[in-house]
Amino acid sequence: MQDPAQPLRPGPAVISDGPTILDRVVNVASVRQRSPFRYPGGKTWFVPAASAWLASRPRRPALLVEPFTGGGTIGLTAAFEGLVDRVLLVELDPAVAAVWRVLVDGQGPGLADRIMAFECTLDNVIETLARTPATTLERAFATIVRNRTARGGIMAEGAGLIRVGEDGKEGRGIASRWYPGTLRDRILAIHDIRDRLSFIEGDGLGVIEAHLDEPDTVFFVDPPYTAGGKRAGSRLYTASHLDHARLFARCASAAGDFLMTYDDADEVGALVEAHGLASLPMAMRNSHHETMRELLIGRDLSWVAGTAPVASKPVVGPGRRMPATRAA
Ligand SMILES: C[S@@+](CC[C@H](N)C(=O)[O-])C[C@H]1O[C@@H](n2cnc3c(N)ncnc32)[C@H](O)[C@@H]1O
């Protein structure tokens, strides 16, 4: 994590004189949660900015590709809000993919029933996770159980189960993040709009490459952060290996627009510059209430200038401007 007191990455161009949507730390409680996952690195805090980006397109995009879906927060928001015609979700982790398959294939109500019938005790959780799933529905169910009972929602190997309770719900122990009614409602809502969603289990980079020539296709790219030797991606996700240089090259060459979020690492800055892209620092607050920085990267971030914050909360200090690190 960067020290919030550190100066922002310097850049020559000032993108906006007034405060923009990136100038506030989003209160995630104010954002409508659509995903059944609690996802490490989830982008709930980025929903207002991503929505503003999609709404700023001169024409409503025909397709939004989310090549690194995880909890799929941005793709789901775009589909629910009608910000694009269709959404294509892509995920490599087979356990996470099972959930998306079930949701998109019309088995959402079956998954919701399994969740409602489950008694979330430590014994039942251990038994569910030890079973070899015979169907995609069973696998999806086990993934949701794991996601809701693993510490921090981390499903990568080595993450332990919640024992004492999280989020002020210490008395509820393993069930402190198990909200069956909420999960059912979210799953059934997704079921209702599933005709706007498609899902591919596979490599997101390959799917980007398959859609490079489509001017009406846009990409929201939130890869596992392993660039510049950062370890978070490999600790948080089962699938974390990625050729970041190739990802940048492909996005930069796409006919349609794209938006990336990345860790603010030197290697990332170098790739931004090498491809003549724009980047802006963004503030976010993680689940430990620490303010962190990520980079917003795109071909043209001028749409940010037209996005006033709903409620401003200075992150760096009074009078600061957001510099755009557009490479020459
Ligand atoms: C940073 S997370 C995405 C979080 C997501 N934006 C959200 O709001 O929940 C990155 C995701 O990419 C997945 N992933 C890693 N490598 C991948 C690849 N080559 N293709 C597709 N998905 C991949 C990981 O399993 C992880 O779920």
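Just so it is clear, none of the values below were taken in a lab; they were calculated from the coordinates. Everything numeric in this text was worked out from a predicted model, so none of it was measured. No Cβ is skipped: glycine too gets one built from the backbone with ideal geometry, and neighbour counts run over all protein chains shown.
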In units of 2.2 N^0.38 Å, what is the alpha-carbon radius of gyration of segment 48-196?
1.12
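Hey, what's the Cα Rg ratio for segment 107-191 versus the globular rule of thumb, 2.2 N^0.38 Å?
Details: Rg = 12.5 Å, N = 85, 2.2 N^0.38 = 11.9 Å.
Relative to the 2.2 N^0.38 Å estimate, segment 107-191 comes out at 1.05.
For a quick check: sort Glu201, Glu157, Glu119 by the number of other beta carbons within 10 angstrom, fewest at the front. Display every interim value, and only then the final one.
Working: Glu201 16, Glu157 6, Glu119 10.
With the fewest neighbours first, Glu201, Glu157, Glu119 line up as Glu157, Glu119, Glu201.
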Placing each pseudo-label 7 Å from Cα in the direction of the beta carbon, Ile126 and His275 end up separated by a distance in nanometres of 4.7
